[in-house]
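Below: the structure, in structure tokens.
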Amino acid sequence: MDHVTRNLIKTTKQNELFCRAESFISKFKKRAPMNDANNTFPFENFEELKANHMTTLTIPKNYGGEEISLYEFLLVQETLAQGDGATALSLGWHNGIVMQLKDSKKWPEETFKKVAHDIVSNKTIINSAATEPKTGSPARGGKPETTAVKTDKGWMISGRKTFTSLAPVLDHIIITATMIEGEKESVGEFLLKRETEGISYEQTWNTLGMRATRSDDLILHNVHVPEEALVATKDTGHGKSPQGWLLHIPACYLGIAIAARNDAIEFARTYEPNSLNHPISEVPEVRRKTAEMDLELLKARHFLYHIASIWDDFPERRSQLGSELAAVKTVGTNAAINAVDLAMRIVGAYSLQRDNDFERYYRDVRAGLHNPPSDDITSMILGKKAFE
């Protein structure tokens, strides 16, 4: 445990969660290179996470889960990412969606209860699919081209969704669609089951980083669902209020950066070129870069957990935290990128070799820039708030 994490753990429950998450690091780290190289989903990792009840952490206690706080959720995510960022980010979408549904109460309670019980009893997995080829991220405000046409028995849904993380193991799929009822159009959120006729996936995920998330395209071709599949609309709270659960994104990328930092320090402690009579850890420039790396992580991590504490301790202030949540994401992901870059500068040209973890860290943290909200949206939010 690094000194920052030690200072961030304040309760027995937090320590227990950290230790549980930490137990996966070495196993995940061994498997990560193969899943990354082969562009394969970490099935074995997820079976272990399910077996150890890591997929029910945010389920309410009265539905059989642990109902952990946002602070605790981020601690788990950051720790798991030190083993494999793609696994952590994927799990973060699942547990985060559950946390969002619990907090927002935007779904009918009976629907949420059924999904929660299924996750606990049958170890099922949930995620949303909202991004589309032409509209991009829903954070940009684009109207879904996926359509849900009203029928006598419910809805007929057709469209294509991109960036569907967890695609190989998704059981419950939340999609957004433009609802068409005669001449009336509005945006709604639908809950689909994987086995429903007309649902398929196209293996399109072949990216620079986060390759093992398998965020393939979801194809919806004349998918007939009952009326109750419509679980939320803009009027019932879909996408309206600040969403603290999205801090799992910077927590994950900071975890990857911590792994790079720790690997760089271990390298510096043990590498002794024949031009020196001591390891490079004693070289002033290496220590300067190490200090700079730790400053990046210190600032970002304390900011992250401070805002999470406010979210947990003052629920009445959550509606006012939109700009802080966006700022944490921007600060966290950019700090992670900077820290990984510094780690690689410490290690030198060896860090570019494909048979070590540094080049994967480098590719994976770049993906954080493109998770919501992007840096320009954060700047727009902060700039607007300053002049209100």
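Where a number appears in this text, it was derived from the coordinates with a stated rule and is not lab data. Everything quoted here is computed from the prediction, not taken from an experiment. Every residue, glycine as well, gets a Cβ built from its backbone with ideal geometry; the counts of neighbours run over all protein chains shown.
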(request) Please report the relative contact order for segment 1-143, taking Cα pairs under 8 Å with a sequence separation of at least 6, and give it as a percent rounded to a whole number. (result) 23 percent
(message) Contact order normalised by length for segment 159-253, with contacts defined as Cα pairs under 8 Å and 6 or more residues apart; what percent is it?
(response) 32 percent
(request) Would you mind ranking Val283, Val331 so that the residue whose beta carbon has the fewest other beta carbons within 10 Å leads the list? (result) Val283, Val331
(message) Checking a compactness column here: for segment 108-214, what do you get for Rg(Cα) / (2.2 N^0.38 Å), N being the number of residues?
(response) 1.14
(message) Angle check, please: helix 12-22 long axis (alpha carbons) against the longest principal axis of the chain (alpha carbons), in degrees 0 to 90, nearest 10.
(response) 80 degrees
(request) May I ask for the angle, rounded to the nearest 10°, between helix 85-104 and the longest principal axis of the chain, with both axes built from Cα atoms and the value confined to 0 to 90°? (result) 50 degrees
(message) For the chain, what does the helix formula give at 222 nm: sum of -39500 (n - 2.57) over DSSP H segments with n ≥ 4, over the residue count, nearest 500 deg cm²/dmol?
(response) -16000 deg cm²/dmol
(request) Please get the size of the charge dipole for the chain, origin at its Cα centre, with Cβ charges of +1 on Lys and Arg and -1 on Asp and Glu, quoted in debye to the nearest 20. (result) 320 debye
(request) Could you tell me what fraction of 2.2 N^0.38 Å the Cα radius of gyration of segment 32-105 comes to, as a two-decimal ratio? (result) 1.15
(request) Compute the Rg to Rh ratio over segment 244-386 from the alpha carbon atoms, using the Kirkwood formula for Rh, and round to two decimal places. (result) 1.08
(request) Enter the angle in degrees (range 0 to 90, nearest 10) between the Cα long axis of helix 375-386 and the first principal axis of the Cα atoms of the chain, meaning the one along which they spread out most. (result) 80 degrees
(message) Below 8 Å, C-alpha to C-alpha, sequence gap of six or more: please give me the relative contact order for segment 120-207 in percent.
(response) 29 percent
(request) Express the C-alpha Rg of segment 1-148 as a ratio against the empirical globular expectation 2.2 N^0.38 Å, rounded to two decimals. (result) 1.14
(request) Would you please put 159-168, 343-352, 284-293 in order of how densely packed they are, using the mean number of other Cβ atoms within 10 angstrom per residue and starting with the highest? (result) 159-168, 343-352, 284-293
